[in-house]
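K.L.:
Could you have a look at this structure, given as structure tokens, before my questions?
The numbers here are math on the coordinates, done by the rules we state, and not lab data. These figures come from a predicted structure and were not determined experimentally. Note that we place each Cβ from the backbone using ideal geometry, even for glycine, and neighbour counts take in every protein chain shown.
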Amino acid sequence: MLECRRRAAYLLGMTQTETAAPMRSASGYDLTPPTDSQRVALEADLSPEEKRVLLAHGTEAPFCGTLLHEKRAGVFCCRECGLPLFRSATKFESGTGWPSFNEPVDPAHVRAVRDETYGMVRVETRCARCDSHQGHVFPDGPPPTGLRYCINSVALSFVAEGAPLADPLGRGDGTA
């Protein structure tokens with residue numbers, strides 16, 4: 001219980017200081033936000049449900065997401081801008097009804113934001129490149145991180161290992 005409280009304090013501490021994201025992550029991805037015209041094009045490609053979750057901070061129903069049972073090797077990317085967010089090797093069955101991961105591809109790819117909606121304090125996760133809502137992170141995950149990134153399937157796209165990443169911004173993101 002004490003360890004869980006320490007992780008919770010750490011998560012909330014992550015949101016206390018807003019710092020400018022690096023323009024390139026340590027893993028080599030361009031984190032420059034989309035321009036206004038690029039954002040319009042990205043959002044035009046989203047379904048109504050994707051817009052509700054990604055842009056209006058909604059939540060899909062539990063146990064209904066298309067990626068909940070995805071087991072193939074690969075990477076889960078932001079559905080809006082294509083930034084790699086989570087590797088399949090970090091995915092685990094949490095029993096919550098949403099895809100769960102214990103760490104991002106690169107810490108700089110996922111932004112933590114304090115969320116006080118619905119009468120509780122949580123940590124919302126957003127894509128660091130396009131700022132789209134992904135889900136929340138909780139301090140009750142498995143080792144080694146003890147974190148559970150609980151992410152909406154509709155906020156992600158899956159790219160099988162070795163396949164080219166979706167690159168809607170033309171940034172040369174490479175392969176999964």
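K.L.:
How far apart, in nm, are the 7 Å Cα→Cβ label points at Glu70 and Ala44?
P.N.:
2.5 nm
K.L.:
Across every pair of different alpha-carbon atoms, what Kirkwood hydrodynamic radius in Å does segment 64-176 reach? Please list the in-between numbers first.
P.N.:
Values: mean 1/r = 0.0709 Å⁻¹.
About 14.1 Å, per the Kirkwood formula over Cα pairs.
K.L.:
On to the next question. Mind telling me which of Thr90, Thr145, Thr117 comes out most flexible in a GNM of the chain, alpha-carbon contacts under 10 Å?
P.N.:
Ranking Thr90, Thr145, Thr117 by mean-square fluctuation puts Thr117 first.
K.L.:
Something else: Can you grab the distance from the C-alpha centre of segment 32-70 to the C-alpha centre of segment 71-111, Å, no decimals?
P.N.:
Going from one Cα centre to the other spans 15 Å.
K.L.:
Could I ask something else about it? Can you tally the net charge around Arg72? Count Lys and Arg as +1, Asp and Glu as -1, for every other residue whose Cβ sits under 14 Å from the Cβ of Arg72. Each step should come with its number before you reach the end.
P.N.:
Values: positive: Lys71, Arg87, Lys91; negative: Glu70, Glu161.
Neighbourhood net charge equals +1.
K.L.:
Only counting other Cβ atoms within 10 Å, I'd like Glu93, Glu80, Glu124 sorted with the fewest neighbours first.
P.N.:
On the way: Glu93 9, Glu80 27, Glu124 18.
Ascending number of Cβ neighbours within 10 Å: Glu93, Glu124, Glu80.
K.L.:
Relative to the Cα centre, what is the charge dipole magnitude of the chain, using +1 at the beta carbon of each Lys and Arg, -1 at the beta carbon of each Asp and Glu, and rounding to the nearest 20 debye?
P.N.:
Working: 19 positive and 22 negative charges, 79 e Å.
Result for the chain is approximately 380 debye, rounded to the nearest 20.
K.L.:
Build a GNM of the chain with springs between Cα atoms under 10 Å: which of His136, His57, His109 gets the top mean-square fluctuation?
P.N.:
His57
K.L.:
Under the classification rounded if a/c is under 1.5, otherwise prolate if a/b is larger than b/c and oblate if not, where does segment 23-98 fall, given a ≥ b ≥ c as square roots of the Cα gyration tensor eigenvalues?
P.N.:
Numbers: a/c = 2.56, a/b = 1.24, b/c = 2.06.
Taking the square roots of the gyration eigenvalues as a ≥ b ≥ c, segment 23-98 is oblate.
K.L.:
With a Förster radius of 22 Å, plug the Cβ-Cβ distance of Ala61 and Arg114 into 1/(1 + (r/R0)^6) and report the FRET value to the nearest 0.05.
P.N.:
Values: r = 25 Å, r/R0 = 1.13.
In this case the efficiency is close to 0.30.
K.L.:
If I model a spin label at Ala163 and Ala26 as a point 7 Å from the Cα along the Cα→Cβ vector, what separation in nanometres do I get?
P.N.:
So the label points at Ala163 and Ala26 sit 2.9 nm apart.
K.L.:
Of Arg111, Arg79, Arg39, which has the largest mean-square fluctuation in a 10 Å C-alpha GNM of the chain?
P.N.:
Taking springs between Cα atoms under 10 Å, the residue moving most is Arg39.
K.L.:
Shape of segment 76-135 from its Cα gyration tensor (a ≥ b ≥ c, root eigenvalues): rounded if a/c is under 1.5, otherwise prolate when a/b > b/c, or oblate?
P.N.:
oblate
K.L.:
Once you keep just the Cα pairs under 8 angstrom separated by 6 or more residues, what percentage relative contact order results for the chain? Kindly include the intermediate steps, with their values, before the conclusion.
P.N.:
Details: 341 pairs, mean separation 45.6, N = 176.
Relative contact order here is 26 percent.
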